[in-house]
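The structure appears right after this line, and notes come after that.
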Amino acid sequence: MSSEAKTFTHLDQTTGNPAMVDVGDKQVTKRIAKAQSIVVLGDEIMQHFTGSDIQTKKGPVFQTAIIAGTMAAKKTSDLIPLCHPLSLENCKVEIAINDQNEVVVSCTASITSKTGVEMEALTGASVAALTIYDMCKAFSHDIVIKETRLIEKTGGKSDFRREQ
């Protein structure tokens, strides 16, 4: 374990007040983060899955969720007060069905910057999952967004990779 004491980065150490992290002295590096959300739709909704999407009166569920997730990742600093406004270089939202018949939403965000993009990836995955919920709730409200988590991040002071 590191001997360096960890502190919450979004607190001013002298006043205890919330504060944006000063990234002025950080190194510019290529930073990539991948997050995922898992949505359990249930059999009543999954029976409508054909080809690679679920078609509803509101439109194609997964295609709409991909757009919503991308838009959300770009607006993360508008939603989370102490996040730096970032100009993402790339954001990719992917949606797949796993072996347990769950919808797996993955969002990968990247930038060359002084700060990371974990929150952008997490926001993108979360909003895409919420969009799936919104578009499918007419079929059933028995939908669970059961998990949103960071899968990996690279660049900056340290890298992280979750063991699956």
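The values are calculated or read from the model by the stated rules, or taken from the named source; none is laboratory data. As the structure is a computational prediction, the values presented were derived from the model and not from experiment. Cβ atoms come from the backbone with ideal geometry, glycine included; neighbour counts cover every protein chain shown. Ligands, DNA and RNA are excluded from the accessible area calculation, which covers all protein heavy atoms including side chains. Shrake-Rupley method; radii C 1.70, N 1.55, O 1.52, S 1.80 Å.
A few notes on this one:
- The stretch 92-164 - percent of accessible surface contributed by carbon and sulfur, probe 1.4 Å: 48
- The stretch 38-164 - percent relative contact order, Cα under 8 Å, separation 6 or more: 31
- The stretch 17-106: radius of gyration over Cα atoms, expressed as a fraction of 2.2 N^0.38 Å: 1.42
- Dimensionless Rg ratio for the stretch 106-147, taking C-alpha atoms and the 2.2 N^0.38 Å reference: 1.50
- Extending 7 Å from the Cα toward the beta-carbon at both residue 161 and residue 112 defines two label points whose distance is 2.4 nm.
- Phi angles of the stretch 66-71 translate, via the Karplus equation with coefficients 6.51, -1.76, 1.60 and θ = phi - 60°, into HN-Hα couplings of 4, 5, 4, x, 5, 4 Hz per residue; Gly and Pro are given as x.
- Rounded Å value of the spacing that divides the Cα centres of the stretch 25-67 and the stretch 143-164: 16
- Within-9-Å neighbourhood charge of residue 138 [Cβ basis; K, R +1; D, E -1]: +3
- Helix axis angle, 118-136 relative to the chain longest principal axis, alpha carbon, degrees: 20
- Cα-based shape type of the stretch 123-164, given that a ≥ b ≥ c are square roots of the gyration tensor eigenvalues and the cut on a/c is 1.5: prolate
- Each of 46, 69, 16 was scored by the projection of its Cα onto the charge dipole of the stretch 11-83, and the greatest displacement toward the positive side belongs to 69; charges sit on the C-beta of Lys, Arg, Asp and Glu.
- Length gained when the stretch residue 29-residue 92 is fully extended (0.36 nm per residue, less Cα-Cα span): 20.7 nm
- With protein chains left intact and a 1.4 Å probe, residues in the stretch 1-74 average 69 Å² of accessible area per residue.
- Near residue 109: Cβ cut-off under 13 Å, other residues only, Lys/Arg at +1 and Asp/Glu at -1. The net charge is +2.
- The length gained by stretching the chain between residue 134 and residue 80 to full extension, at 0.36 nm per residue less their Cα-Cα distance, is 17.3 nm.
- Taking a straight line from the alpha carbon of residue 157, these lysines sit under 16 Å away, with near neighbours fewer than eight places off in the same chain left out: 6, 26, 30, 114.
- The length gained by stretching the chain between residue 43 and residue 154 to full extension, at 0.36 nm per residue less their Cα-Cα distance, is 36.3 nm.
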